[in-house]
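So the structure is just underneath, and the comments pick up after that.
The values are calculated or read from the model by the stated rules, or taken from the named source; none is laboratory data. This is a predicted model, so every value here is computed, not measured. Neighbour counts run over all protein chains shown; Cβ positions are idealised from the backbone, glycine included. All accessible areas refer to the heavy atoms of the entire protein, side chains included, with ligands and DNA or RNA removed. Shrake-Rupley method; radii C 1.70, N 1.55, O 1.52, S 1.80 Å.
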Amino acid sequence: MNPRFFAPLVLSALLLAADASADFGHYESHAQSGNTLTIQSDRGELHLTAVNEAAFEVHYVEPGVRQLPSFALDAELDQNPPAVRTVISESASDIAFALPGLTAVVSKSPVRIEFLRDGQPLFAEEHGYYAYDTVRGFRFALDDEEKILGAGQRVVGMDRRGKRLPLYNRASYGYETDAEQMYYSVPAILSSDGYMIVFDNSASGWLDVGSTEPDVLGFEAVGGRTAYLAVAGDSYPDLLDNYTAATGRQPLPPRWALGNYASRFGYRNEEETRDVVRRFQREGIPLDAVILDLYWFGPDIQGHMGNLDWDREAWPNPEGMIGDFRADGIQTIAITEPFVLSTSKRWTDAVDNKVLAKNATGAPRRFDFYFGNTGLVDVFDERARDWFWQPYQMLFEQGAAGTWGDLGEPEVHPSDALHYLSDIDAWATADEIHNAYGHRWAQMVYEKQIEAYPDVRPLIMMRSGFAGTQRYGIVPWTGDVSRSWGGLKPQVELSLSMGLLGLAWTHSDLGGFAGGERFDRELYLRWLLYGVFQPVYRPHAQEHIAPEPVFHDRKTRRLAREFIELRYRLLPYLYTLAWENSRTGLPLMRPLFFEDPDNLDLYDRADAYLFGNAFFVHPVTDPGLRNVDVELPKGVWFDFWSGERIEGGGTHGARVSLSSIPVFVRAGSFVPMVDAVQTTADYSSERLTLHYYADSSVGAASGRMFEDDGKSRNSLETGEYELLDFEARQSANNLQLSFVRSGSAYPGRPDRRELTVVVHNWRGDIRDIRFDGRQIPVLASLPDTGHGAIHDKTTLTIRLDWSHSDSLLTITGNTGGTER
């Protein structure tokens, strides 16, 4: 027998022989090496590793309890350990391992950990570690009032307290307002007490959030790594910064990823796909990408998965099609799946090359599912990854710009399937590594793509992964949601929950995917307008009701065009949010408790969210509404559509129509915009409109805009980008706006900008406007070139030529300039 196939049998025997461990025993000794403190107990070794100034990896290693690799931690930390100041102190009863932002206090008998921040208790192991033959995990104490968020994709309410949730990625077709198990579970939580815990274990298991025992948080799994990450922070943005520093940052995506996608299940042939693109162009609806579902490799839904090559009868010239699209600024993405059907053209090749997950005899583990009889590519095996890369290499050589990986839970994954972890030369059962399958797949595509195309930013759309998969450029979506109002309702909860765990690009199939008996214009338009203010704009659905606006009536097309054009006008703001996320882990969509962490009621809110720092968005998720009661955060806000000034901190009745949902802008916000373009290939910020929402309640404010060429993968490392910084200072009847550019040259960087400054809520008369000391005339209309200003009752618009030197715009009124 091949020894690689014999390994799982030996392992099973070892596990059965291992002693059960109800705790980690009693302290014997300790030693420090670099950032790691190792404590020896009479049960094994406890490794506490400082991964940054406010995060520990906690790894319990007991003889006979098999360990698997970490999937959550960024491997860069092993290669380049951070310089962290650590202090160790010992008493008769415990050992303290202190970082600047978090301290682990390890009791000696039994070995158990409490975490402190600023000398105060933050959270603690209740029982801590345990391991038996068939289950292992950790138990932590919960405070009475503590809210627990996270756990990945679930529709159970933002606060997971009282729930026992499966840790097993599984498809949830046609879900609506109740779904405890979905495509992308994450074994991690965020607490209202200001900490995060990540169970760094890829096995099938459970997260028990005070369900079995009200005051106990439990992680448990059938096998895998007995480790977790403990993370703290001074604020929620700081907490997410520390978490993504440990698990990896999302790479900056290409700018075109923020544009509009044409997508459905699915385009049948080249002629149909070309026709769809022409329709967008004729209608003048911006378009940046077209996505091809499974018909690119076969004429039917069933029987062809695994071909992963063009069906040349339906697609006679895909290279020419992709090239024509790219010439028009439109990118092409084709779907892939990790299943190779026994009826596919690549089955024999897959078997011969031994790239499929195995059964107990070493043969491919075959099974039936909806699409046919199949095997599963073993993405944990380097040899299988090399084989699986071939169709991606082909598509990229033909001009494809991104990747779409579907069914990566995997959708069907027999528990007795065996995978070869070539990185550590060990075998694992499907149940031991199930939740890391999509993670390893995304890693494969990302690493091989940047090796082959080092200057290209990967875009990898996948619906399953693990904690930390964001470092491989994953753009998750929320799966096959029902095309219904019930399907729209949970989308904010899903995106917020994922964004809190580093997966900030989580988005939905706009319009809904599954079912629907007839086209519902109101539902469709509500979803499309919400999409303007989510990370990715991608209508996608089953084809019996067209997801693309170009196939609908004139009114629907007109409104959809307006929504999508707004999306494109907001590109400087959106792209800056993407850059901010790539640097700090701060999500694009942010929960309302970021505004007031002490207000526990806000942790339950999923009816509205912050989109960046400037926007408050409240999607409309019920039919027939003309008025929506909105609970705005404290402070002054402005209705994005009407400009109405509103005092926050209470309930506001917002009027809505088919062309509007409640969207408000925070006083003191800078919102950069450009003119809408047909594709981001035509994007330029040389003509930049900068909106400033002035209010006398805001004496000082600042904003920032990031800009580069939108495509070079290493622009942040090489410094080939620019930052535009804006500041406002307001007192009485005077407003000063300053503009500063920093950074280096990059392809396409404007030498100067035509800058249009729009000051909202300027109600007083104008006495004087000066730009760098030069007086700006107030005119009846804006000039085509040069400097000038116009003023209506509430808005002051000023056109300037900015040479990019540090500049100051001063506005002086005869009376109070802004309403209070």
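Sorted into 10 angstrom bins from 0, the C-alpha pair distances of the range 385-510 split as 12, 37, 35, 15, 1 percent. Translational diffusion coefficient of the range 364-424 (Stokes-Einstein, Kirkwood radius from Cα pairs, 37 °C, 0.692 mPa s): 245 µm²/s.
Using only the alpha carbon atoms of the range 43-84, find the Kirkwood hydrodynamic radius as the inverse mean reciprocal pair distance, in angstroms to one decimal. Don't skip to the answer; put the middle values down first.
On the way: mean 1/r = 0.0856 Å⁻¹.
Across the range 43-84, the inverse of the average 1/r is 11.7 Å.
Here is the list for the range 558-638: trypsin sites (Lys or Arg not before Pro) lying in DSSP coil, each with at most 12 other C-beta atoms within 10 angstrom of its C-beta, are 626, 634. Taking the empirical scaling 2.2 N^0.38 Å for compact globular proteins as reference, the range 281-389 has a Cα radius of gyration ratio of 1.28.
Cα-based values for the range 585-676, radius of gyration first and Dmax second, are 13.3, 41 Å.
Just the number, please: carbon plus sulfur as a percent of the accessible area of the chain, 1.4 Å probe, no ligands or DNA/RNA counted.
On the way: 13170 of 28850 Å².
Taking all protein chains in place, the chain shows 46 percent carbon and sulfur surface.
Here the mean projected area of the convex hull built on the C-alpha positions of the chain is 34.5 nm². The slack between residue 328 and residue 302, meaning 0.36 nm per residue of separation minus the straight C-alpha distance, is 6.0 nm.
For the peptides 395-402, 572-579, the ranking by packing is 572-579, 395-402, with the highest mean count of neighbouring Cβ atoms within 10 Å listed first.
Across the cross-link table entries 555/711; 163/489; 163/448; 163/634; 147/489; 354/711, which are compared at the Cα atoms, the separations over 29 Å belong to 555/711; 163/448; 163/634; 354/711.
Rounded to the nearest 0.05, what FRET efficiency is calculated for residue 31 and residue 91 with R0 set to 25 Å and r the Cβ-Cβ distance? Present the calculation step by step, with values, prior to reporting the outcome.
Values: r = 17 Å, r/R0 = 0.70.
So, using R0 = 25 Å, E works out to roughly 0.90.
Remark on the range 22-166: Rg and Dmax equal 16.2, 47 Å (Cα only).
Rounded, prolate or oblate: which one fits the range 738-820, using the alpha carbon gyration tensor with axes a ≥ b ≥ c (rounded when a/c is under 1.5, else prolate when a/b beats b/c, else oblate)? Cα axes put the range 738-820 in the prolate bin. For the range 118-167, a Kirkwood radius taken over Cα pairs fed into Stokes-Einstein (25 °C, viscosity 0.890 mPa s) yields D = 185 µm²/s. FRET efficiency for the residue 626 to residue 178 pair, using the beta carbon distance and R₀ = 30 Å, is estimated at 0.60. Charge dipole (Cα centre; +1 on Lys/Arg Cβ, -1 on Asp/Glu Cβ; no other charges) of the chain amounts to roughly 1980 debye.
With the Cα gyration tensor of the range 526-612 giving a ≥ b ≥ c as the square roots of its eigenvalues, does the rule (a/c under 1.5 for rounded; else a/b larger than b/c for prolate; else oblate) give rounded, prolate or oblate? Show your work: numbers first, answer last.
Working: a/c = 2.61, a/b = 1.79, b/c = 1.46.
Prolate, because a/c is 1.5 or more and a/b exceeds b/c.
What angle, in degrees between 0 and 90 and rounded to the nearest 10, separates the Cα long axis of helix 3-17 from the longest principal axis of the Cα atoms of the chain? Result, in degrees: 80.
On full extension, the segment bounded by residue 793 and residue 415 gains 129.3 nm, given 0.36 nm per residue less the C-alpha separation.
Per the Cα gyration tensor, the range 421-579 maps to an equivalent ellipsoid with semi-axes of 33, 19, 14 Å, ordered largest to smallest.
Averaged over all directions, how much area does the convex hull of the C-alpha atoms of the range 420-482 cover when projected, in nm²? Before the final figure, lay out each step's value.
Working: hull surface 22.1 nm².
Orientation-averaged projected area of the Cα hull: 5.5 nm².
Give me the one-decimal Kirkwood hydrodynamic radius in Å for the range 553-709, with the sum taken over alpha-carbon pairs. It works out to 17.0 Å. Across every pair of non-identical alpha carbons in the range 271-333, the mean reciprocal distance, once inverted, gives a Kirkwood radius of 12.5 Å. Between the helical axis of 521-532 and the longest alpha-carbon principal axis of the chain there is an angle of about 90 degrees.
When the charge dipole of the range 579-685 is built from unit charges on Cβ atoms (+1 for Lys and Arg, -1 for Asp and Glu) and taken about the Cα centre, the candidate among 673, 633, 621 whose Cα reaches farthest toward its positive end is 673.
Once a ≥ b ≥ c are taken as the square roots of the eigenvalues of the Cα gyration tensor of the range 649-696, is the result rounded (a/c under 1.5), prolate (a/b larger than b/c) or oblate (a/b not larger than b/c)? Because a/c hits 1.5 or more and a/b fails to exceed b/c, the range 649-696 counts as oblate. What the Cα convex hull of the range 661-760 gives, in volume per residue, is 130 Å³.
Could you give the C-alpha radius of gyration of the range 147-304 expressed as a fraction of 2.2 N^0.38 Å, taking N as the number of residues it contains? Let's see the in-between values first.
Working: Rg = 21.0 Å, N = 158, 2.2 N^0.38 = 15.1 Å.
Cα-based Rg divided by the globular estimate yields 1.40.
Say R0 is 22 Å: what FRET efficiency, to the nearest 0.05, do residue 613 and residue 675 get from their beta-carbon distance? In this case the efficiency is close to 0.40. The gain in end-to-end length when the residue 734 to residue 519 segment is fully stretched comes to 72.2 nm, 0.36 nm per residue minus the alpha carbon separation. Would any residue of the range 304-321 have its amide N under 18 Å from a label point 7 Å out along Cα→Cβ of residue 393? List them or say none. Under 18 Å, as judged by backbone N against the label point of residue 393, lie 307-310 of the range 304-321.
Label zone (residue 451, point 7 Å along Cα-to-C-beta; backbone nitrogen cut-off 18 Å) within the range 385-399: 385-397.
Per the Cα gyration tensor, the range 474-549 maps to an equivalent ellipsoid with semi-axes of 21, 11, 11 Å, ordered largest to smallest.
Compactness check for the range 142-234: Cα Rg over 2.2 N^0.38 Å is 1.05.
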